[in-house]
1. Yes or no: segment B:40-49 includes at least one residue that is among the hydroxyl-bearing types (Ser, Thr, Tyr) and part of a strand (DSSP E or B).
2. Step by step: first the residues of segment A:27-61, then only those that are within 13 Å of ligand 2 (Cβ to nearest atom) and open to solvent by 30 Å² or more (accessible area, probe 1.4 Å), then the one that is nearest to A:Ala89 (Cα to Cα). Which residue is that?
3. Do we have any residue at all in segment B:273-281 that's hydroxyl-bearing (Ser, Thr, Tyr) and more than 11 Å from every other protein chain (Cβ to nearest Cβ)?
4. What pairs come up if the first residue lies in segment A:258-274 and is touching a residue at least 40 places away in the same chain (Cβ under 8 Å) and more than 11 Å from A:His320 (Cβ to Cβ), the second is among the charged types (D, E, K, R) and in a helix (DSSP H, G or I), and their beta carbons are under 8 Å apart, counting only those six or more places apart or on different chains?
5. With the checklist (1) closer than 21 Å to A:Ala114 by Cβ; (2) among the polar types (S, T, N, Q); (3) surrounded by fewer than 22 Cβ atoms within 10 Å (Cβ to Cβ) in hand, flag the one item A:Thr141 doesn't pass.
6. Would you call B:Glu202 of a type in the set (Asp, Glu) and in contact (Cβ under 8 Å) with a residue 60 or more places away in the chain?
7. So A:His534 clears everything in (1) within 22 Å of the chain's Cα centre (by Cα); (2) modelled with pLDDT under 90; (3) surrounded by 22 or more Cβ atoms within 10 Å (Cβ to Cβ) except one condition, right? Which one?
Amino acid sequence: MIRALDAASAAKIAAGEVVERPASVAKELIENAIDAGATDVRIEIKDGGISLLRIADNGGGIPLAELPVAFERHATSKITSIDDLAVVATLGFRGEALPSIAAVAQVTLTSRAAGASSGGCIRLSGGEVLEHAPAGCPPGTTVSVRELFFNTPARLKFLKSPLAEGGQITRVVGHFALAYPGIGFTLLSDGKPVFQSSGSGDLLDVIARLYGPEVARGMLPAECNDGLQVRGYVSEPRVSRSSRGYLSLFVNGRWIQGRQLLHAIEEAYASLLMVGRHPLAVININLDPAQVDVNVHPSKAEVKFAAERLVYARVHQAVHGAVARYAPLTVIGRADPSGSAERQVPSAEDTETVWPTAGAAAVGPQWGPGFHGLEDLGGPRPALGTAPANAFQALPMLRVLGQLALTYIIAEGPGGMYLIDQHAAHERVRLDEIQRSRANDTGQAPDAQLLLQPLTVEVSPAQAAAAEAARPALSRLGLDLEPFGDRTYLLRSVPAALPLPAARETISAMLDELSAESASEGWDEAAEHSLACHTAVRAGQKLSAEEMDALIAQLERCWSPQACAHGRPTMVHFSQAQLEREFGRR
Amino acid sequence: MKVICPQDNLSRGLAVVARAVSTRSTMPILSNVLLATDGSRLRLAATNLELSINCWVEAEVIEEGRVAVPARLLQEFVNSLPSAPVQMVLNPANRVVKMHCLRTDGNIRGVSADEFPAIPTVEDGAVFRQPAHLLKEMINQVAIAAATDDSRPIFTGVLTTLGPTLSMVAADGFRLGLRSAELEGGPETETTLIIPAKSLLELARILPDGKGQDEMVEIALSPNKNQVIFRTASVELVSRLIEGQFPNYKQIMPKEWKTQVIVPTSEFLNAAKTASFFARDSANIVRLHFESGEMAVRAESTELGDNESKIDAIVEGEQSADIAFNAKYLTDALNVVESEQIKLEITSAGAPGVIRPVDSTDYVHIIMPMATSR
Ligand SMILES: Nc1ncnc2c1ncn2[C@@H]1O[C@H](COP(=O)(O)OP(=O)(O)OP(=O)(O)O)[C@@H](O)[C@H]1O
Ligand SMILES: [Mg+2]
């Protein structure tokens, strides 16, 4: 029974922007399908969901007579008063989604309730009911949302490219598929299949569909049942990504952002991952609905736990339990203390668990004392003379003094002291290298190093559209990706200037970045910058004295050494005079 | 423990084991070297859990004992001593090793030898033998092709097959080295191992070169088959093995060629080195051009300039051809090929180039070319 909430309850329920973009419409409609008990949900989009978004489910449906009520504000079948909110077990509870969507689009909903012999149809435009009539349709509900924001041009303007919006929807569908392995999700974009989950109930199966079988093979089960249930999969330390976009958290079947909990996951890896690398994880937290408040955020993306610390601890525990055996060198064999005979250790187990690269990146020749870990210069800061981003401006001769906060190189030059952002500087160097060997306007092919054997690169559904769109641009850089069916490519060459040791990871990071951007600057430029960025040293990486010298020498040869690929400065300059003033010498 | 050992022996032994000393801060014990008497010899041992090295040095053992001492300090101290007998006496109560050499004394504080991880040895099981200089040559020819970064660990290893012949293969995605030789006592059924190239290079460093010497290396697997052991008269090196499936390299071995070129190795190497200076700023691209009995080796950089060296060559098959390689891969291969003249076989500018010694079939080095239109 759908009925209007009493005014008091309605007022207390956080209202707000339910419909921000096509992906939020998709989210609300998929939630409704899940709440209706669907086992099969089919999502079709056109132009990234802007011109059409259709969601069909095989759930319980809505009786013909109740169709208009479903579009009334604060009309819900899921709770009767605010008190139920404490124990809400469904994804929806506000009675807000359908009316909000109908207000800004052309909506058609056809539905046949379980047991009913025929169904009904309701059509609305800008919130006005245009038609409400019986109709023949299969059991379940189909909602079509056309011309989103047709009556609110201001909001329409804020949408990104269809590619980027479609990418967001793919992400949302991916989240639901991970949270509900028992439901089969199908996503079609402009008629082409983008993603499909089997509904087999096996989470690993969904992970394989989403991130590729290679990744699925590298996932470890994580579990903890103590006061609440934490279950899911986390990646082996060797499988990592350069963004947090592959960490998925669900509370009682609801995807949440949960910054704190993401931190708990990463924290459990401690030093197993290199700086700038993040694990992949799918973590489901199930607990008594009374213990969690989902009504703190209009899109329900943040939740509040009654026992925040406990949840944090359990998530940490579950992940830690899964990855602890990878901790570098914690358990080692000892010689038999009773005699001189030595046992056969390290044993099979031990050597297997010794993580080969832990800390390796941090080993390097030590250089002069004092600068490490200095987070702040302290005291009053001199006004920074930011070097202008002039092209052709030659770099002064610099002598490297050390590294600050593992992020900046401290150098001395004729004009005083220079702080050089190691990532920005290296990105600049990379960009120059890439541009020198890339294809150019005169039709020249790029310089590329061919691979002995092509490398298979699997892309996620969210990356697929960007991969297709950016492929010509990538190949002009020398990154030759040949389609190999089912979201798989064969990498045949890498840019001549970059050996790209971790090609798969780099390409994946680039596609993540490219799929999030509206391709306004053009694929060529975006791909070039992204490649430079993802092959440059990161902030937080310890550099040896030799590495810093080499970087400065390379920077000196750059076309525009003082600005990074994004136009930010690569260095700031403290003049001799500034320093003297600061120390009261003048 | 009380031993007397010539300074030179001790210094040499410490240099051998030093490469296995770990600098990791997570396990301080691994920065030590183990000293243990063993019959009439002193055993030095170091391990970083991936690689372990034992080295036995001749010594006069007066009293048995064992202790672990900081490797770096011990090595620096011993190296600074004059060439004379060094006496080492362990005080078991406080684990201080008293060192004495002519008029220099030192006390080095050690830790209990029981803290030191045990290093596996092989008592029984199959043992294969290979001349030391040959094994050294094989490793040097193959290990250069292994990857040095860990993004795909399998490629940091050398696929080693123990059978009637010993074969070693390494590849890093862009090049592949394959060397084989008869294996004394090699079994009928083949065993394959993936040995970290790093470990093999350490072994090669320790092994004597020079063909005149007939020193042999024994190769054996640890009982649980996860470590490989190499043993000479005075050194035992134990390496972890890499687990996983080495890609099927046979399918990338070119079966035919269109142009075959025979050139003197050293001339080719010189030309490639010269070109590499010019190639430095242009992605290391070195171009080879074959034409009427000549090979031209070229490189150019828009900013720096260009160069060309010509070498007389015997060209078979199609007489005119072009191909470009990364200068480093080319010089790496030419450096280790160990033959007066080499054969370079190519099919097209986009297909792998094959380098072999002219006079034998037991070494192959494959390099993927660079695609370039400039
Ligand atoms: N796919 C569907 N199948 C069956 N019933 C549906 C479906 N979609 C909507 N309904 C019915 O319409 C009502 C209104 O849906 P709407 O999404 O607006 O609100 P809600 O889901 O109750 O709360 P929320 O605003 O939090 O999503 C629901 O309570 C449900 O009864
Ligand atoms: Mg809803």
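The values are calculated or read from the model by the stated rules, or taken from the named source; none is laboratory data. What you see is a predicted model; the values in this text were computed from it and never measured. Virtual Cβ from ideal backbone geometry, glycine too; neighbours counted across all protein chains shown. Heads up: the accessible areas ignore ligands, DNA and RNA and are worked out on the full protein's heavy atoms, side chains in. Shrake-Rupley method; radii C 1.70, N 1.55, O 1.52, S 1.80 Å.
1. Filtering segment B:40-49 down to residues among the hydroxyl-bearing types (Ser, Thr, Tyr) leaves B:40, B:47.
Filter again for part of a strand (DSSP E or B), leaving B:47.
Yes, because at least one residue in segment B:40-49 is among the hydroxyl-bearing types (Ser, Thr, Tyr) and part of a strand (DSSP E or B).
2. Restricting to residues being within 13 Å of ligand 2 (Cβ to nearest atom) and open to solvent by 30 Å² or more (accessible area, probe 1.4 Å), the top hit is A:Asp35.
3. Here is the first cut: in segment B:273-281, the residues hydroxyl-bearing (Ser, Thr, Tyr) are B:274, B:276.
Checking the rest, the ones that are also more than 11 Å from every other protein chain (Cβ to nearest Cβ) come to B:274, B:276.
Within segment B:273-281, one or more residues are hydroxyl-bearing (Ser, Thr, Tyr) and more than 11 Å from every other protein chain (Cβ to nearest Cβ).
4. Listed pairs, sorted by first residue: A:Gln260/A:Glu308.
5. (3)
6. Numbers: of a type in the set (Asp, Glu): yes; in contact (Cβ under 8 Å) with a residue 60 or more places away in the chain: yes.
In short, yes.
7. The one condition A:His534 does not meet is (2).
Per-residue answers, yes or no, for (1) within 15 Å of B:Met1 (Cβ to Cβ); (2) of a type in the set (A, V, I, L, M); (3) outside any helix (DSSP H, G or I):
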site: B:Ala68; (1), (2), (3): yes, yes, yes
site: B:Leu73; (1), (2), (3): no, yes, no
site: B:Phe77; (1), (2), (3): no, no, no
site: B:Ser83; (1), (2), (3): no, no, yes
site: B:Val86; (1), (2), (3): yes, yes, yes
site: B:Val89; (1), (2), (3): yes, yes, yes
site: B:Ala93; (1), (2), (3): yes, yes, yes
site: B:Met99; (1), (2), (3): yes, yes, yes
site: B:Gly106; (1), (2), (3): no, no, yes
